[in-house]
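Below: the structure, in structure tokens.
The values are calculated or read from the model by the stated rules, or taken from the named source; none is laboratory data. The shown structure was predicted, so the numbers you read here are calculated from the model rather than taken from an experiment. Here the Cβ positions follow ideal geometry from the backbone for every residue, glycine too, while neighbour counts run over all protein chains shown. Heads up: the accessible areas ignore ligands, DNA and RNA and are worked out on the full protein's heavy atoms, side chains in. Shrake-Rupley method; radii C 1.70, N 1.55, O 1.52, S 1.80 Å.
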Amino acid sequence: MKILVCVTSVPDTTAKISFTDGDTKFNKAGVTFITGPYDDYALSRAVELKEQTGGTVTVLNVGEADSEQVIRKCLAIGADDAIRVNCEPKDSYFTAVQIATIASEEKYDLILMGRESIDYNSGVVHGLVGEILGIPSLSPVMKLNIEGTTAKMTREIEGGKEEIEASLPLVLGCQEPIAEWKIPNMRGIMTARTKPLRVVEPVGEDMTFTEKYMLPAPKGACKMIPAENAEELIALLRSEAKVL
Amino acid sequence: MSVLIFTELDNGALKKSSLEAVYYGSEVAKMKGTIATVLAIGNSTDDELAKAGNFGASKVLHANDPRLALGNIQAYADVLSMAVSQEGATTIILAMSSLGNAVAARVAAKLKASIVSNVTELPDFSNGFKVTRSIYTGKAFAKVEMKGEKQILAVKKNAISVVESSNSATVETFTPTLKDSDFVVKVTGTHKESGTILLPEADLVVSAGRGLKGPENWGIVEDLANAIGAATACSKPVSDLDWRPHSEHVGQTGIKVSPNLYIAAGISGAIQHLAGVNSSKVIVVINKDPEAPFFKAADYGIVGDVFDILPRLTKAVKAL
């Protein structure tokens with residue numbers, strides 16, 4: 001089985017977000033970049049499936065040269081090779097076109113990615129890729145088993161879940177508990193250095209333009225209510241905040 | 001030119017988040033000087049669907065092929081794109097949801113449309129078509145220009161304050177041409193918790209963390225939630241420990257909520273948790289630690305023992 005796993009290089013979940021250049025650019029200074037947490041689930045499941053049934057796992061990142069650290073970590077976790085599309089992932093559509101272009105050159109049985117990136121949280125790239133390639137797309141998938149050429153999946157829906165069956169090839173957005181996160185071991189880290197990483201140039205154009213970034217307005221002071229008068233909160237929520 | 005709103009049905013009724021999207025779409029239509037049309041897919045009645053008029057829509061297209069009962073993403077995307085071409089719609093509005101986003105993504109690829117999720121305000125038409133969206137899980141916002149001839153906006157809950165009217169909408173049957181290839185994905189089973197308020201749809205949320213000490217103590221959380229008609233939620237450690245289901249985990253890697261009221265009991269307020277809740281209108285924090293970082297993000301705070309405070313709040317609500 002040939003699996004393509006698309007990963008994002010995103011600010012660590014504890015990162016403090018700020019902008020530079022008149023609020024037109026993300027400020028990378030002092031920020032640690034990590035593999036998207038949902039992408040980590042997708043990669044871990046891909047590596048598990050490879051261990052069970054054989055095949056290959058290719059990692060794909062749409063990103064600039066500084067995301068290679070994240071790509072090497074994915075290789076250390078068990079991917080066989082990697083492709084980087086050398087550009088800033090400008091928007092969902094643009095990113096999906098890059099992925100679909102790579103995917104149409106090789107025949108992948110599964111294209112896995114996180115349910116959403118944790119920088120833009122759009123959660124639409126899997127659907128765009130599926131439609132461009134003309135194959136089904138499903139997200140968020142929390143369980144995935146392969147029987148022959150059929151995938152059996154559990155998808156989270158609002159207030160519950162759904163059991164789904166579909167034939168390969170498929171595009172899936174993944175989330176926990178699809179797999180246990182894998183941590184690279186020393187041998188993985190050593191071999192990752194020599195695994196092939198191909199850099200290709202982007203195609204197509206973006207469909208949106210980010211004009212300006214903004215931080216949320218600072219929160220006003222918190223009104224403290226003494227514990228002995230806790231009941232007063234209910235009255236305040238009714239008369240002052242008007243939310244009850 | 002017109003605005004088309006993709007809605008979802010729950011047991012035949014238009015979902016609350018969808019009605020908010022209808023109102024948002026109707027306001028966009030007014031700004032553009034055009035009409036708002038709603039697409040509803042699945043079993044429902046004309047009376048129920050006409051309610052979309054109260055939220056500003058002029059017309060509802062109702063597609064009710066029995067094969068569409070199970071929320072098949074490819075089929076829904078085909079129905080939506082057929083409705084777009086019938087209506088000559090250029091702007092498509094929907095509420096953020098797992099089905100809505102999946103459908104919208106495929107339609108964006110079909111139509112070569114600009115697509116933006118997590119939209120938090122009405123668009124700005126003063127110079128092109130620009131929208132404000134939340135990014136970094138609510139830690140920041142971006143103003144984005146939609147460059148495509150068609151635009152798709154997935155709108156976040158509470159992006160707009162809804163004002164209902166007594167207008168009603170006309171309901172028309174919409175009969176899309178469906179292909180067998182729309183149904184290659186088979187839904188073999190659906191499990192839905194009944195009788196609970198869906199967390200992403202909830203106006204009020206009572207959430208609790210490790211301060212509750214164990215799953216057996218959740219009764220006091222549920223009591224307060226039931227008393228005010230809120231959904232229950234939890235922090236990541238609580239769902240990681242399996243005290244509560246993953247579907248209740250709010251935060252950066254869980255569900256993002258933006259209710260009118262978010263009550264956090266025994267949650268310290270890690271940055272990842274705040275990211276998932278910081279667009280709530282009013283935040284109440286109850287924690288025995290006065291240094292808990294969550295108080296900095298709160299509107300109201302009580303320093304105290306959750307085992308004492310929560311039951312007293314429930315009692316106070318019941319006494320109203």
Within the stretch B:280-288, identify whether any single residue is surrounded by 20 or more Cβ atoms within 10 Å (Cβ to Cβ) and in a loop (DSSP other than H, G, I, E, B), and answer yes or no.
yes
The one condition B:H246 fails out of (1) modelled with pLDDT under 90; (2) within 25 Å of A:R238 (Cα to Cα) is (2)
Among (1) closer than 27 Å to A:R155 by Cβ; (2) of a type in the set (F, W, Y); (3) surrounded by fewer than 22 Cβ atoms within 10 Å (Cβ to Cβ), the one test that B:F125 misses
(1)
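Quick grid of which residues meet (1) at pLDDT 95 or above; (2) touching a Lys or Arg at 6+ places or on another chain (Cβ under 7 Å); (3) under 30 Å from A:V171 (Cβ atoms); (4) surrounded by 14 or more Cβ atoms within 10 Å (Cβ to Cβ):
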| position | (1), (2), (3), (4) |
| --- | --- |
| B:I160 | no, no, no, yes |
| B:N167 | no, no, no, yes |
| B:F174 | yes, no, yes, yes |
| B:V184 | no, no, yes, yes |
| B:H191 | no, yes, yes, no |
| B:A202 | no, no, no, yes |
| B:V205 | yes, no, no, yes |
| B:G209 | yes, no, no, yes |
Quick check: anything in the stretch A:132-151 assigned to a helix (DSSP H, G or I), within 12 Å of chain B (Cβ to nearest Cβ) and either without any contact (Cβ under 8 Å) to a residue 40 or more places away in the chain or over 23 Å from B:K156 (Cα atoms) (or both)?
yes
Out of A:I164, A:I183, report the one residue that is under 30 Å from B:T137 (Cα atoms), surrounded by fewer than 17 Cβ atoms within 10 Å (Cβ to Cβ) and in contact (Cβ under 8 Å) with a residue 12 or more places away in the chain.
A:I183
Just to check your reading of the model, which residue among B:V221, B:V238 is in a helix (DSSP H, G or I) and over 19 Å from A:E176 (Cα atoms)?
B:V221
Options A:K2, A:K90, A:K50, A:K73; residue that is within 13 Å of chain B (Cβ to nearest Cβ) and touching a residue at least 24 places away in the same chain (Cβ under 8 Å):
A:K90
Which ranges mark the strands (runs of 3 or more DSSP E) fully within the stretch B:98-175 that have 1 or more residues being hydroxyl-bearing (S, T, Y) and in contact with a strand residue (DSSP E or B) (Cβ under 8 Å, 6 or more places away or on another chain)?
B:114-119, B:130-135, B:170-173
Taking the conditions exactly as written (at pLDDT below 95 and of a type outside the set (K, R)), does A:G173 satisfy them or not?
no
Inspect the stretch A:190-202 for any residue being open to solvent by less than 90 Å² (accessible area, probe 1.4 Å), touching a residue at least 24 places away in the same chain (Cβ under 8 Å) and within 7 Å of another protein chain (Cβ to nearest Cβ) and give the result as yes or no.
no
Within the stretch B:279-320, the count of residues that are at the interface with another protein chain (Cβ under 7 Å from one of its Cβ atoms) and either touching a residue at least 40 places away in the same chain (Cβ under 8 Å) or touching an Asp or Glu at 6+ places or on another chain (Cβ under 8 Å) (or both) comes to 9
Residue satisfying all of: in the stretch B:31-55; touching a helix residue (DSSP H, G or I) at 6+ places or on another chain (Cβ under 8 Å) and in a loop (DSSP other than H, G, I, E, B); most open to solvent (accessible area, probe 1.4 Å) among these:
B:I35
Against the definition (in a helix (DSSP H, G or I) and surrounded by fewer than 21 Cβ atoms within 10 Å (Cβ to Cβ)), how does A:D23 come out, yes or no?
no
Identify all residues within the stretch B:246-278 that are open to solvent by 40 Å² or more (accessible area, probe 1.4 Å) and either more than 10 Å from every other protein chain (Cβ to nearest Cβ) or hydroxyl-bearing (S, T, Y) (or both); write none if there are none.
B:S247, B:S268
